[in-house]
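The values are calculated or read from the model by the stated rules, or taken from the named source; none is laboratory data. All values reported here derive from a predicted model rather than from experimental measurement. No Cβ is skipped: glycine too gets one built from the backbone with ideal geometry, and neighbour counts run over all protein chains shown.
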Amino acid sequence: MAETAPILVVCTANICRSPMAAALLRHALAAQPEPLRSIPVISAGVAARNGEPATDHSVTALRKVGLDLSGHRSRPITAELLDRALAVLVMTDSHREILRGRGARADGIYLFREFMAAPADREIPDPYGGPLADYEAARDEMVAALPSLVAHLKTQLRA
């Protein structure tokens, strides 16, 4: 049986937004029927170092909604990760441009909040260095995006 292509979630350092978003999406997909429930969700960063833990505030923000991020370790984005991804979800337009500048295919790179109805803000600001409330706000923006994102993934898998 062939390995299922993962969804890749990308931010800057892979210690705040992308690990939180990946954990939230993984949780949302687990409640879906196959094949969605079996899609792996991984994360990486455009300027990440290898092996850094998620920030304490990221861990706390997700713990408050019942998810454990304590085992996360950062990883830098690689051409291999990009090439094998079913979809790439980024936090900001600048992340998308960085990936395109590194030769990533233009199709298949989306903002995490791209599929929400207007006038929703499409970008998720970086909470790094801010108070816990900033991380909770980022988490809540991600949670709000999950229904539209899951709906998009369903249509993408049917195509």
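Among D121, D126, D93, which is exposed (fewer than 14 other Cβ atoms within 10 Å of the Cβ), in contact (Cβ under 8 Å) with a residue 24 or more places away in the chain, charged (D, E, K, R) and at negative phi?
The conditions single out D93.
Quick one: would you say R49 is at pLDDT 95 or above and under 15 Å from the mean Cα position of the chain (by Cα)?
Against the criterion (at pLDDT 95 or above and under 15 Å from the mean Cα position of the chain (by Cα)), R49 does not qualify.
Which pairs have Cβ atoms under 8 Å, sit 6 or more apart or on different chains, and link a residue in the range 2-24 that is of a type in the set (D, E) and at pLDDT 95 or above to one that is part of a strand (DSSP E or B) and surrounded by fewer than 24 Cβ atoms within 10 Å (Cβ to Cβ)?
Partner pairs satisfying both residue conditions: none exist.
Out of everything in the range 1-57 that is charged (D, E, K, R) and closer than 26 Å to L157 by Cβ, what residue ends up being surrounded by the most Cβ atoms within 10 Å (Cβ to Cβ)?
R17
Just name the residue that is nearest to R105 (Cα to Cα) out of those in the range 59-80 that are outside any loop (DSSP other than H, G, I, E, B) and touching a Lys or Arg at 6+ places or on another chain (Cβ under 8 Å).
The extreme case among them is A79.
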